[in-house]
Amino acid sequence: MPLLYEYKCTNCGTLADYCSGGYEYVIDDDGNKINVFHPGETRTINRVLGPKHSKPKWPDPKKRRLKISQRLFGEYRHPWGQPSWCIPKEILDERLGFFSKCMCSECGEMPSIDLQREKAQCPKCKSKKIKRIRECEGDKCPKCKKGKILKEERGMS
């Protein structure tokens, strides 16, 4: 479980609430980026990629839980009603990404950017002075230009 942090300016207050630093996404067959949040990452990835890009892998029928499931349902069935998908590594590498929560040092905009696949550029002011929010601790606040950014732990997701 990732830790959650609140990023605050010592002068003007809160910049980002309860941020873990980023989140995964998966690209569907139409090129849309679908956010993958915790918990439930595997379920979302299987729903988007599983049926078309892999073969179902049913668990070993000798396992005790499946024997109980067979008795209850009268057929060979995964205990949760669906198979787990074996998605090839090449497809996962191509279709999974990670959005990092970033901050623009010029205007204070806080976009989510995949820093490995996209340009590190602010969508609002087009500045290239973008940093991950985790790297901004101790920097001057981009909004008020007076305070410093502090990070406070707020719990777990």
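The values are calculated or read from the model by the stated rules, or taken from the named source; none is laboratory data. Quick caveat: nothing in here was measured; it's all calculated off a predicted structure. Please note: Cβ atoms are built from the backbone with ideal geometry, for glycine as well, and neighbour counts cover all protein chains shown.
Structure summary
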{"item": "Matching residues, the stretch 1-39, being more than 16 Å from the chain's Cα centre (by Cα), closer than 17 Å to Ile113 by Cβ and modelled with pLDDT under 85", "result": "Leu15, Ala16"}
{"item": "Near pairs, Cβ below 6 angstrom, 6+ apart or cross-chain, from the stretch 119-144 (farther than 14 Å from Cys107 by Cα and of a type in the set (Gly, Ala, Ser)) to any residue that is modelled with pLDDT of 90 or more and buried (at least 16 other Cβ atoms within 10 Å of the Cβ)", "result": "Ala120/Ile130"}
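Conditions tested, residue by residue: (1) outside any helix (DSSP H, G or I); (2) modelled with pLDDT of 90 or more; (3) under 22 Å from the mean Cα position of the chain (by Cα); (4) at negative phi.
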position: Arg43; (1), (2), (3), (4): no, no, yes, yes
position: Asp60; (1), (2), (3), (4): yes, no, no, yes
position: Tyr76; (1), (2), (3), (4): yes, no, no, yes
position: Met103; (1), (2), (3), (4): yes, yes, yes, yes
position: Gln116; (1), (2), (3), (4): yes, yes, yes, yes
position: Cys125; (1), (2), (3), (4): yes, yes, no, yes
position: Arg134; (1), (2), (3), (4): no, no, yes, yes
position: Lys143; (1), (2), (3), (4): yes, no, no, yes
position: Glu152; (1), (2), (3), (4): yes, no, yes, yes
